[in-house]
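Single-structure report; data block below.
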Amino acid sequence: MLLLKPDLQSMIEISSPLKIKSHLADLKKEGKKVGFVPTMGALHQGHLALIKRAKSENDIVVCSIFVNPLQFNRKEDLEKYPNRLKEDSEMLNKVGCDLLFTPQKEELYAEQPKTDFNFGSIAVGMEAEYRPGHFEGVAAVIERFLSILSPDKAYFGEKDFQQLAIVRWVKEQFNFDTEVVGCQTVRDENGLAMSSRNYLLEESQYLIASEIYKLMKYCQTKVGETAPQVLAKECFEKLKPNFKPEYFEIVDGLTLQPIKSWEESNQPRVFVAAYLGSVRLIDNLSLV
Ligand code: PAF
């Protein structure tokens, strides 16, 4: 008989929403706290940091891998989204994830999802402008996940800061008890934010990609000196030789609306989206 050491115990994969709901209900009856990390797969160190944080604050960690078609406004983006389920499962197993939830869209969206939300200012501009319908799709899937899994805490990376604001909005709007935990962006040694899309970059593009971080750091040095919109425009232009920038904005971290003067906000934040070749990169950084 093969006896598994506890540290080699395998994670359980469940694809049925009903099964995972009832499995978690049993665990919750035993008083177990559940932490949840939603992903679309193609996992990287940023995701693993979320899993580790969830592990340290809960008894059970659930990770979902679901490439949510509703949040893709471009069919080509959905089609080329990296699929690495085998590698992902191995990585999750290694960091001690307990449950992997891999629903099929037919089951997850068996009931027509709601997609007409009124998010207010947090969904005006930036990703909302360049990816119309994206946040409606994110909100729809988060609503589904939180109602199926009812986790105690759910973990999201700050790299998708505008998405994090949308998730907090969903929590409030639908009165979910889940605590939404925002976690710091994980970066490589040159400052490039970890992202599943980095798998699509060529080796030679990695260093160029980190220019985005360098420009955001440069903004930190200009706070109170150069007016926010002048600074944003300057950096947008600086991106042009190597990137196709979509936006470079300095906004208030709460309303996510552009600021005209530094006095207008006590939590200014810079947000960037730019194409490097055919890969769309986004990032953001606090300026205080
Ligand atoms: O950030 C992501 O990977 C996705 O938008 C999320 C939160 C898993 C929803 O599909």
- Carbon plus sulfur fraction of accessible area for the range 130-288, probe 1.4 Å, in percent: 50
- For the cross-link pairs 29/171; 75/233; 75/105; 75/159; 19/114, which exceed 27 Å when the distance is taken from alpha carbon to alpha carbon? 75/233
- Message: In whole percent, and with a 1.4 Å probe on the protein chains, what portion of the accessible area of the range 21-111 is carbon and sulfur?
- Response: 50
- 0 to 90° range, to nearest 10: angle between helix 211-222 axis and the chain longest Cα axis: 60
- Message: As a quick test, which of the pairs 55/94; 21/52; 55/217; 217/240 have an alpha carbon distance above 20 angstrom in this structure?
- Response: 21/52; 55/217
- Message: Output the 0 to 90 degree angle, nearest 10, between the alpha-carbon long axis of helix 228-239 and the longest principal axis computed from the alpha carbons of the chain.
- Response: 80
- Sort the following peptides by mean Cβ neighbour count (other Cβ atoms within 10 Å, averaged over residues), highest first: 203-209, 117-123, 91-97. 91-97, 117-123, 203-209
- Report, in degrees rounded to the nearest 10, the 0 to 90 angle that the Cα long axis of helix 17-29 makes with the longest principal axis of the chain. 80
- Message: Under a crude label model (7 Å from the Cα following the beta-carbon direction), how far is residue 106 from residue 79 in nanometres?
- Response: 2.3
- Residue-averaged [θ]222 nm for the chain, counting only DSSP H segments that reach four residues, each worth -39500 (n - 2.57): -11000 deg cm²/dmol
- Message: Tell me the per residue accessible area of the chain using a 1.4 Å probe; a whole number in Å² is fine.
- Response: 50
- Item | Distant-in-sequence amide H partners of residue 64 (H built 1.01 Å from N, under 5 Å) | 37, 39, 101
- Kindly state, as a whole number, the per residue volume in cubic angstrom of the convex hull around the alpha carbon atoms of the chain. 146
- Quick one: check the C-alpha center-to-center distance for the range 150-179 versus the range 106-148, whole angstrom. 12
- At R0 = 35 Å the Cβ-Cβ FRET efficiency linking residue 261 and residue 202, nearest 0.05, sits at 0.30
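The values are calculated or read from the model by the stated rules, or taken from the named source; none is laboratory data. Keep in mind the model is a prediction, meaning the values are calculated, not measured. Quick reminder, even Gly has a Cβ in these numbers, built from the backbone with ideal geometry, and neighbours come from all protein chains shown. Quick note on the areas: whole protein, heavy atoms, side chains included, nothing else; ligands and nucleic acids left out. Shrake-Rupley method; radii C 1.70, N 1.55, O 1.52, S 1.80 Å.
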